[in-house]
1. Arrange V53, V31 by Cβ neighbour counts within 10 Å, fewest through most, would you?
2. For the range 212-260 and the range 1-32, what is the separation of their Cα centres, given in Å?
3. By how many degrees, 0 to 90 and rounded to 10, does the Cα axis of helix 40-50 deviate from the longest principal axis of the chain?
4. So which trypsin sites (Lys or Arg not before Pro) in the range 203-241 are both in a DSSP loop and have at most 15 other Cβ atoms within 10 Å of their Cβ?
5. Going down the list K2/K212; K42/K93; K129/K170; K170/K223; K170/K212, which pairs span over 29 Å between their C-alpha atoms?
6. Using just the Cα positions, wrap the range 4-132 in a convex hull and report its mean projected area in square nanometres, one decimal place.
7. So which trypsin sites (Lys or Arg not before Pro) in the range 35-104 are both in a DSSP loop and have at most 13 other Cβ atoms within 10 Å of their Cβ?
8. What's the longest piece of the chain with no exposed GluC sites (Glu not before Pro), counting a site as exposed if DSSP puts it in a loop and it has at most 13 other beta carbons within 10 Å?
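Any read-out appearing in this document is the output of simple, stated calculations on the displayed coordinates, not a laboratory observation. Note that the structure is a prediction, hence the values are computed from the model and not measured. Don't worry about glycine lacking a Cβ; one is built from the backbone with ideal geometry, like all the others, and counts go over all protein chains shown.
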Amino acid sequence: MKLDSSIAAVVTGGASGLGEATVRALAAHGVKVAIFDMNEAKGEAVAQEVGGVFCKCNVTSDADVDAAFEKARAAHGQERILVNCAGTGNAAKTASRDKQTGETRHFPLDAFNLIIQINLVGTFRCVAKSAKGMLDLTPLEDGERGAIVNTASVAAEDGQMGQAAYSASKGGVVGMTLPIARDLAGDGIRVNTILPGIFSTPLMNGAPPQVKEALAASVPFPKRLGNPEEYAQLALTMITNGYFNGEDVRLDGSIRMAPR
């Protein structure tokens, strides 16, 4: 797919981090970008900078996602590109004992379900609704109608202690990539997933310097955190390379996460 002003895109979680970098990379090629995010102030600011449109959206809500797509399509037309970066995480052991009181507890099921709803179901919700709209597009010269990029995590394959919910949600994104690609192949819609390692995002930047230094040192090469622009570069490759389909690709400096 050639990126230019005839193409519309939607990026979920596009107000910051990996999503923001992708928004900026797409806009630099002239693509008309809609930002789906909960952070209205940041999302509006980024949209104004790149000439895009902001759509406040909670990906766990059918009504929110429908309204966001309606607003985006009213501004730019039906999107040919969807990049899903919206997501979050939490941490708790499956079951544990308080060292001081001896009290036992388990991972709160509502907290587990919330991560599944945001990272996995939210991603699928946006994929399904975007792909439905793409079906009505006139195919490009090569028969392509659209390209979708999802975001998983290296935790999908080597999750650490306390990451049961996060790893399950991201493992689900990996697991559904090929079936969705197969579902949509006959209509010229490609689907791929990126598994980022440890990236320099607003969440990570809030960590103490010594923590970030230790994390950077754990990366085999290069010994640093990933840059959001490097994620965006791979996302654009997945979008523009027409033979890239049904793949899950780690982007992690060859790190393999330790148990803790």
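1. Working: V53 21, V31 26.
Exposure proxy ranking, most exposed first: V53, V31.
2. What the calculation gives is 19 Å, centre to centre.
3. Around 40 degrees separate the two axes.
4. Values: sites: K212, K223, R224; in loops: K223, R224.
Taking the range 203-241 and a limit of 15 other Cβ atoms within 10 Å, the loop trypsin sites (Lys or Arg not before Pro) found are K223, R224.
5. Numbers: K2/K212 37 Å; K42/K93 33 Å; K129/K170 20 Å; K170/K223 24 Å; K170/K212 23 Å.
Violating the 29 Å limit, Cα to Cα: K2/K212; K42/K93.
6. Details: hull surface 35.9 nm².
It is 9.0 nm².
7. Working: sites: K42, K56, K71, R73, R80, K93, R97, K99; in loops: R80, K93, K99.
Sparse-neighbourhood loop trypsin sites (Lys or Arg not before Pro): K93, K99.
8. Details: sites that count: E103, E141.
Answer from the scan: 142-260.
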